[in-house]
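Before any comments, here is the structure.
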Amino acid sequence: MAAGLFAPTAFAAAAAIPAAHVHDEASLQAIAMLPSLTLSKAVNAAIAGNPDLKQFAFQLKAQSARIDGAGLKPAPVFESQLENFLGTGRTRGLDAAEATFALSQLIELGEQRASRIEAARLGIDGINLNRQGAQLDVLAEVSRQFIHVASDQEQLKLTQLATKLAERTVSEVRRRVAAAKSPEVELHRANIVFSRAQVDEEHAEHELITSRTKLAALWGAGKADFGLVAADLFRLPQVGDYGVLTRQLVASPDFLRFATEARQRDADIRVAQSKVRSNITVSAGVRRLQEDGDAAFVAGFSAPLFGARTAQPAIAEARALRAGIESEAAAAKLKAETKLFELVQELKHSITEAEMLRDSVLPQMEEALKETEYAYQRGRYSYLEWVDAQRERVTVQRALIEAAANAHLFSAEIERLTGTALPTAGSSTPNNSNSK
């Protein structure tokens, strides 16, 4: 899932928490000390421990019991009957009573038992496909949350950078105020910017802790017991060929279930058709005549009338349900293709935006910030121009993080839809400036 994001990288820079103005330093230091988490580890943990996936084991057990039940033959029935007693005249009391004891057996015709067993066994295929679909849902959600954690890690690093820039600005403005080169009001404004940067950093810390908790919940953990996620957010995915992706749709569990359901409906039709031949019931027993003490054998045979006619509604229902599957599959395919087209377009846009910000805009902003700071220190630029350059630098980096995260999120959605993994752009490894 989302292969472009999950190449393990060194996150030493993320583990370095500024010594000043850290609001949850103990928690973040504890996170940095724990082993890092890769996507494969997160996926394995979710497959093993996700609460939503555990239900399928019970469903399979229940379906196995249904198969066993479908294979059972009708049980023989013991019948007892007492006649001609507690009447009047000759039948007064029990003197003329007749007691009959017999066993009856229902005999199924038309291979009803074999049809029931086949239909029940096909239910196993349906449960397995539903389980595969649910696993894809879980894996997609793991990818989404993993991306969010990686994005929050980058956002925290960015807020730490903004705090450092604001702190350095306060020091520089204080120096210029002391030298009577800047008014006192600039120091107040610099302190306000510094305080707001601290608040943003604190918020980023809480966002990271929350997203980590949400990720851990996907495998049933009450808290995040892992370190930093090993993810290269700026290694962007590639856009797959739309025609190939469209063909891959029909091989996903979401569409394979239509074929399985069709086979299930065919089996239901056969079960209904098997009931055209009415079942018969045979019985045999013994009758005792109380009046003279004699005994005799009895035998019986019964069969319902008009059995073929009563089976027709069930056959018509099963055929209607079978015919509706093809229409449902066609509608689902059209919706999926439309959604796939939308996701591919969004992925292309996010990749283009991220590449432009990473390769062109951000390097220029960093150079502009250096030149603006240099000019401010020498009195050629105003305080506002320096602060604006810092703000623009942070804004561009934040936009880059969001664009890269969106690219991976769209890629994960495409993978969920098609059940495949998209290739990674090998040249999209971040440079040092992008990982600040």
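5 Å is the cut-off here: which amide hydrogens, built 1.01 Å from N in the peptide plane, fall below it relative to I280, excluding neighbours closer than 5 in sequence?
HN-HN under 5 Å from I280: I107, L109.
Applying 1/(1 + (r/R0)^6) with R0 = 25 Å to the Cβ-Cβ distance of E342 and R398, what FRET efficiency is obtained, to the nearest 0.05?
Details: r = 25 Å, r/R0 = 1.00.
Once the sixth-power term is evaluated, E becomes 0.50.
In segment 12-435, with Lys and Arg counted as +1 and Asp and Glu as -1 at Cβ, which of these residues, Q112, A403, Q364, has the Cα nearest the positive end of the dipole, that is, farthest along it?
So the residue furthest toward the plus end is Q112.
How high is the FRET efficiency from S80 to A57, r the C-beta distance, R0 45 Å, rounded to 0.05? Don't skip to the answer; put the middle values down first.
On the way: r = 45 Å, r/R0 = 1.00.
Efficiency for this residue pair is about 0.50.
Once percent of Cα pairs over 36 Å apart is worked out from the coordinates, which option in (i) 54; (ii) 29; (iii) 24 does it equal?
(i)
With the crude spin-label approximation of a point 7 Å out along Cα→Cβ, what separation in nm comes out for A179 versus E367?
Result for the modelled spin labels: 2.7 nm.
In this model, which of K61/K223; K54/K223; K54/K157; K157/K370; K157/K223; K223/K339 are farther than 26 Å apart at the alpha-carbon? List each step's numbers first, then the result.
Details: K61/K223 31 Å; K54/K223 20 Å; K54/K157 37 Å; K157/K370 19 Å; K157/K223 22 Å; K223/K339 35 Å.
Distance filter (> 26 Å) returns K61/K223; K54/K157; K223/K339.
Can you figure out the FRET efficiency of A314 with T420, using R₀ = 45 Å and their beta-carbon distance, to the nearest 0.05?
Working: r = 41 Å, r/R0 = 0.90.
So the FRET efficiency works out to roughly 0.65.
Between L34 and E326, what length comes free when the chain is fully extended (0.36 nm per residue of separation minus the Cα-Cα distance, one decimal in nm)?
100.0 nm
Per-residue counts of other Cβ atoms within 10 Å, averaged by peptide: what ranking do you get for 158-166, 336-344, highest first? Could you put the intermediate results ahead of the total?
Numbers: 158-166: 22.0, 336-344: 15.8.
With the highest mean Cβ count within 10 Å placed first, the list reads 158-166, 336-344.
Taking θ as phi - 60°, what are the ³J(HN,Hα) couplings along segment 156-164 by the Karplus curve (6.51, -1.76, 1.60), each to the nearest whole Hz, with x for Gly and Pro?
Going residue by residue, I get 5, 4, 5, 5, 5, 4, 4, 5, 5 Hz, with x marking Gly and Pro.
How do 195-207, 52-64, 68-80, 405-417 rank on mean C-beta neighbours within 10 Å, highest first? Let's see the in-between values first.
Numbers: 195-207: 17.8, 52-64: 13.4, 68-80: 11.6, 405-417: 24.7.
Top of the packing list down: 405-417, 195-207, 52-64, 68-80.
With contacts defined as alpha carbon pairs under 8 Å and 6 or more residues apart, what's the relative contact order of the chain in percent? Don't skip to the answer; put the middle values down first.
Working: 628 pairs, mean separation 119.9, N = 436.
That works out to 27 percent.
Could you size up the charge dipole of the chain around its Cα centre, putting +1 on the beta carbon of Lys and Arg and -1 on that of Asp and Glu, and report it in debye to the nearest 20?
360 debye
Classify segment 299-342 as rounded, prolate or oblate, taking a ≥ b ≥ c as the square roots of the eigenvalues of its Cα gyration tensor: rounded when a/c is under 1.5, otherwise prolate if a/b is larger than b/c and oblate if not. Before the final figure, lay out each step's value.
On the way: a/c = 11.69, a/b = 5.42, b/c = 2.16.
Judged from the Cα gyration tensor, segment 299-342 comes out prolate (a/c at least 1.5, a/b above b/c).
As I understand it, the dipole of segment 12-435 uses +1 on the Cβ of Lys and Arg and -1 on the Cβ of Asp and Glu, about the Cα centre. Which of I351, T169, Q81 lies farthest toward its positive end?
Going by the charge dipole, the pick is Q81.
Residue-wise, which Karplus ³J(HN,Hα) couplings in Hz belong to segment 168-183, taking 6.51 cos²θ - 1.76 cosθ + 1.60, θ = phi - 60°, and x for glycine or proline?
Ordered by residue, 3J(HN,Hα) equals 5, 5, 4, 5, 5, 5, 4, 5, 6, 5, 5, 8, 6, 9, 9, x Hz.
Report the one residue of G69, Q377, A45 whose Cα lies farthest in the direction of the positive end of the charge dipole of segment 12-435 (charges on C-beta: Lys and Arg +1, Asp and Glu -1; origin at the Cα centre).
My answer, from the dipole projection, is G69.
Between L236 and residues 5 or more places away or on another chain, which pairs have amide H atoms under 5 Å apart, with H built 1.01 Å from N, and which residues are they?
Answer set, sorted by chain and number: A425, S428.
Once amide H atoms are placed 1.01 Å from N in the peptide plane, what residues at a sequence separation of 5 or more from V229, or on another chain, have their amide H within under 5 Å of its amide H?
So V229 has HN proximity to L37.
Among residues other than A46 whose Cβ falls under 13 Å from its Cβ, what is the net charge (Lys/Arg +1, Asp/Glu -1)? Please list the in-between numbers first.
Values: positive: K41, K54, R144, K214; negative: D52, D137, E141.
Net charge in that neighbourhood comes out at +1.
Can you list the HN-Hα couplings for segment 314-328, worked out from phi with the Karplus curve (6.51, -1.76, 1.60; θ = phi - 60°), rounded to whole Hz and with x for Gly and Pro?
5, 5, 5, 5, 4, 5, 5, 5, 5, 5, x, 5, 5, 5, 5
Using alpha carbons only, how many degrees (0 to 90, rounded to 10) separate the axis of helix 184-217 from the longest principal axis of the chain?
20 degrees
Bear in mind that the values in this text are calculations on the coordinates, not laboratory data. As the structure is a computational prediction, the values presented were derived from the model and not from experiment. We place every Cβ from the backbone using ideal geometry, glycine too, and count neighbours over all the protein chains shown.
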